[in-house]
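Just below is one structure, and these are the notes that go with it.
Each value in this text was obtained by applying a stated rule to the coordinates, not by laboratory testing. Since this is a predicted model, take the numbers as computed values, not measurements. Here Cβ is always computed from backbone atoms with ideal geometry, including for glycine, and neighbour counts include all displayed protein chains.
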Amino acid sequence: MSFYKVLVINGPNLNLLGTREPEIYGSDTLASLQEMLDKKAKELGIELIHFQSNHEGDIVDIIQKTRNEVSFCLINAGAYTHTSVAIRDALCGVDLPFYEIHISNVHKREEFRHHSFLSDKALGVIVGFGVRGYVYALENAYYYLTNK
Ligand code: CA2
């Protein structure tokens, strides 16, 4: 039985995972990442809603639409991390606790990737641990939800 629902959002271009730039993003695909998370979620008794979009407004919409059913969000907003006040406002507007995730270590990369519109509102930020960062984030979301 699932006690908690967690929304997992992957932003623009993350549908390309595993097809290009393996030296930066590894060789897992989005489907294998989602499978890995589903397996961990099952162990924890969590239900996941997976959502990937290349469109900013669609990401705002899913945050609003699921506001009454999810308890937590894991978000890799991709490039929107560095540009989107709208996604920040949506997460804050529905008062959804979230972890921000990045597969690569954004601080080792171009300067424009060093700023995030989400980090100061996130409960935690995980960068540079590859796709395993999502699994770590899910375990910690469970810890947060069961200890708050
Ligand atoms: O490191 C991350 O997870 C990022 O959020 C990924 C974004 C990037 O804009 C952020 O600065 C950091 C880009 C996602 C692109 O993903 C691809 C994966 C494979 C092949 C091509 C793109």
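Remarks
- Gaussian network model of the chain, springs between alpha carbon atoms under 10 Å - residue of GLU110, GLU69, GLU56 with greatest fluctuation: GLU110
- Largest GNM mean-square fluctuation across ARG132, ARG113, ARG20, computed for the chain with C-alpha springs under 10 Å, falls on ARG20.
- Among PHE129, PHE72, PHE112, residue whose mean-square fluctuation peaks in a GNM of the chain (springs only between Cα atoms under 10 Å): PHE112
- Hits among lysines - C-alpha to C-alpha of LYS40 under 18 Å, sequence gap 8 or more where chains match: LYS5
- If the segment from GLN64 to LEU123 were pulled out straight at 0.36 nm per residue, it would be longer than the present Cα-Cα gap by 19.3 nm.
- Centre-to-centre separation between the Cα atoms of region 110-148 and those of region 1-54: 14 Å.
- In terms of packing, defined here as the mean over residues of other Cβ atoms within 10 angstrom, the peptides 23-29, 98-104 line up highest first as 98-104, 23-29.
- Orientation-averaged projected area, Cα convex hull of the chain (nm²): 8.1 nm²
- Cβ-Cβ FRET estimate between VAL94 and THR19, R0 fixed at 41 Å, reported to 0.05: 0.80
- Net length gained if the chain between ARG132 and VAL85 were fully extended (0.36 nm per residue, minus Cα distance): 14.2 nm
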